[in-house]
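Trainee: Input: one structure, supplied below.
Since every read-out is calculated from the coordinates, none of them should be taken as a lab result. Given the structure is predicted, the values throughout are model-derived calculations rather than measurements. Note that we place each Cβ from the backbone using ideal geometry, even for glycine, and neighbour counts take in every protein chain shown.
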Ligand code: URA
């Protein structure tokens, strides 16, 4: 159960103080009955609330897909660089979400942001096996032997041996790489381990959810229920 004014403020209908006034003036109904008490408790699942006659859709959490440009760090604050939150112009969303996982400052593509802590952990936690697909441009042609090594597991500069990976060649010096873990600079360090160098990197899929190509660099949008399910899928 949640207070009526808090619920409406969470849903972006205004500030708590504005909403208290509007509720007292009779702008809100709960199950078709006008409720003028801002502290009235409503059940987010079973009650139907209307604001100026419009049904209010309850949404417990916010889920956002962002197409990250270069030059932004994947953090909520940073002393030196712009963060992905600087790209979110909706104050309600900006206040609530945090990025799930990190992309390097020079990596582009799919960043998922949410205030759903469980889902954030599910996508990024150490036991996470949700696929992340990257588009990789390389300095040198990708050798068949390197592809096999990358898929079998390579030893990184700190001695870590990489786990499951899939490499899908696009042409001589471009490929997709699917990873199911997320070590620091992992894609770049894996290609270094086979004597190559990543010159452009973009995350294009999380789980089974592709980045919406209609989103320009720096743009974002909220996800629908079907997309959130795709994001959680472990199996391709
Ligand atoms: N691997 C990298 O090297 N960098 C990223 O930003 C993501 C994965």
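Trainee: At residue 94 and residue 226, where each label point lies 7 Å from the Cα along Cα→Cβ, what is the point-to-point distance in nanometres?
Mentor: Here the answer is 3.2 nm between the modelled labels.
Trainee: Taking N as the number of residues in the chain, what is its Cα Rg relative to 2.2 N^0.38 Å?
Mentor: Working it through for the chain, the quotient is 1.26.
Trainee: Arrange 122, 80 by Cβ neighbour counts within 10 Å, fewest through most, would you?
Mentor: The order, fewest Cβ neighbours first, is 80, 122.
Trainee: Residues of the stretch 99-115 with the amide nitrogen closer than 19 Å to a label point 7 Å from the Cα of residue 59, along Cα-to-Cβ, please.
Mentor: Residues 99-100, 111-115 qualify, since their backbone N sits under 19 Å from the label point.
Trainee: For 111, 73, which order do you get if you count the other beta carbons within 10 Å of each Cβ and list the fewest first?
Mentor: So the residues, fewest neighbours to most, are 73, 111.
Trainee: Given the peptides 180-192, 60-72, arrange them by the average over their residues of other C-beta atoms within 10 Å, most packed first.
Mentor: Result, highest mean Cβ count within 10 Å first: 60-72, 180-192.
Trainee: Given the DSSP H assignment, sum -39500 (n - 2.57) over each helix run of at least 4 residues in the chain and divide by its residue total; what's the result at 222 nm in deg cm²/dmol, nearest 500?
Mentor: That calculation yields -6000 deg cm²/dmol at 222 nm.
Trainee: What order do you get for 40, 112, 52 when you list them from fewest to most C-beta neighbours inside 10 Å?
Mentor: Least crowded to most crowded, the residues run 52, 40, 112.
Trainee: Right, another one. Please figure out what share of the DSSP beta bridges in the stretch 57-136 is antiparallel and state it in percent, rounded to the nearest 5.
Mentor: Beta bridges within the stretch 57-136, antiparallel portion: roughly 80 percent.
Trainee: On a full-extension model of 0.36 nm per residue, what is the gain between residue 76 and residue 180, subtracting their alpha-carbon distance, rounded to one decimal in nm?
Mentor: 35.0 nm
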